[in-house]
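Worksheet: one structure, shown below.
What follows draws every value from the coordinates through simple rules; no lab data is involved. Source: prediction; values computed, not measured. Please note: Cβ atoms are built from the backbone with ideal geometry, for glycine as well, and neighbour counts cover all protein chains shown.
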Ligand code: ADP
């Protein structure tokens with residue numbers, strides 16, 4: 001990159017490699033964070049479409065990381081379908097102080113900010129257009145008093161549209177974890193998410209195939225209901241080092257519904273956690 005680079009191709013006169021490649025340097029869009037906060041690593045958890053378990057995996061990763069000791073936060077950027085507060089049993093409305101909006105706090109001390117903590121009634125729908133929703137996510141970054149955070153997990157809006165693009169461009173995302181279902185792996189939805197990350201120059205740290213199989217409670221046998229997937233092939237093709245499978249497990253749904261996701265003990269995401277620690 002040229003020394004004169006202003007990190008904004010629309011105003012910069014320098015003829016650098018970024019301009020030639022057509023890739024705008026990400027720094028040019030980054031929003032400054034809350035001045036009273038210091039977030040060391042931002043990890044975005046993404047999916048090609050809704051309902052594949054992105055929030056479940058975000059919750060499990062954040063809980064497992066917190067149990068290892070670091071300070072952890074979750075930004076629920078799934079503004080129109082927020083489910084993080086419920087799965088952590090956090091319901092108190094967020095309050096403002098001089099430094100910004102104070103996030104909710106889970107039982108094990110995970111900070112949580114979500115649209116649901118700002119609504120009068122959490123069942124009210126958020127009927128807003130993309131740019132407004134993108135603006136709310138930016139406000140979560142700028143106006144929430146996160147304090148010192150080692151790992152912030154961002155539960156992203158599903159897909160590769162307007163809002164995920166705004167989030168990738170405005171937040172200093174260190175890496176992405178992709179959550180998918182076996183059915184998505186059959187199609188090309190996951191590849192779209194991988195390619196979006198590549199376009200944004202953000203490393204994909206891991207891929208989780210959720211609801212991959214079912215363990216028979218009687219005989220303990222694993223049943224791959226949707227057939228054996230090509231998870232490893234996809235990970236290898238895109239140089240993604242960590243790939244994990246999570247079963248369909250009624251205990252997970254039960255814990256999330258009861259607001260007790262932090263009580264879940266699993267080592268199935270350890271490979272993904274290690275990749276996040278090394279990012
Ligand atoms: P997304 O964030 O992708 O929209 P969620 O994480 O909200 O999806 O999951 C959708 C539903 O599926 C939730 O009710 C959740 O509890 C349930 N669920 C997710 N993953 C699993 C799993 N591995 N086993 C059982 N239920 C799951």
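Overview of values
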item: Helix-only CD estimate at 222 nm, as mean residue ellipticity for the chain, using -39500 (n - 2.57) per DSSP H run (n ≥ 4); result: -8500 deg cm²/dmol
item: Over region 46-188: Rg over Rh, Cα atoms, Kirkwood Rh; result: 0.94
item: For 102, 45, 215, 149, order by how many other beta-carbon atoms lie within 10 Å, fewest first; result: 215, 102, 149, 45
item: All Cα pairs of region 33-77, percent lying beyond 12 Å; result: 67 percent
item: Among 262, 31, 111, residue whose mean-square fluctuation peaks in a GNM of the chain (springs only between Cα atoms under 10 Å); result: 31
item: Rg to Rh quotient for region 160-279, alpha carbon positions, Kirkwood Rh; result: 0.99
item: Anisotropy class of region 86-161 from Cα gyration tensor, a/c 1.5 cut; result: rounded
item: Taking 113, 200, 211 and counting other C-beta atoms within 10 Å, the order from fewest to most; result: 200, 211, 113
item: Percentage relative contact order, region 133-210, counting C-alpha pairs under 8 Å, at least six apart; result: 33 percent
item: Global geometry of region 76-124, whether rounded, prolate or oblate, following the gyration tensor of its Cα atoms and the 1.5 cut on a/c; result: oblate
item: Antiparallel content of DSSP bridges confined to region 122-279, in %, to 5; result: 20 percent
item: Stokes-Einstein diffusion coefficient of region 45-112, Kirkwood radius over Cα pairs, 20 °C, 1.002 mPa s, in µm²/s; result: 167 µm²/s
item: Relative exposure of 221, 142, judged by other C-beta atoms within 10 Å (fewest first); result: 221, 142
item: Against the rule of thumb 2.2 N^0.38 Å, how large the Cα Rg of region 182-226 comes out; result: 1.58
item: Taking all pairs of distinct alpha-carbon atoms in the chain, Kirkwood radius in angstrom; result: 19.5 Å
item: Region 196-260: proportion of alpha-carbon pairs further apart than 17 angstrom, %; result: 56 percent
item: Contact order relative to length of the chain, as percent, for alpha carbon pairs under 8 angstrom and 6 or more apart; result: 24 percent
item: Residue of 33, 239, 259 that the Gaussian network model of the chain assigns the largest fluctuation, springs spanning Cα pairs under 10 Å; result: 239
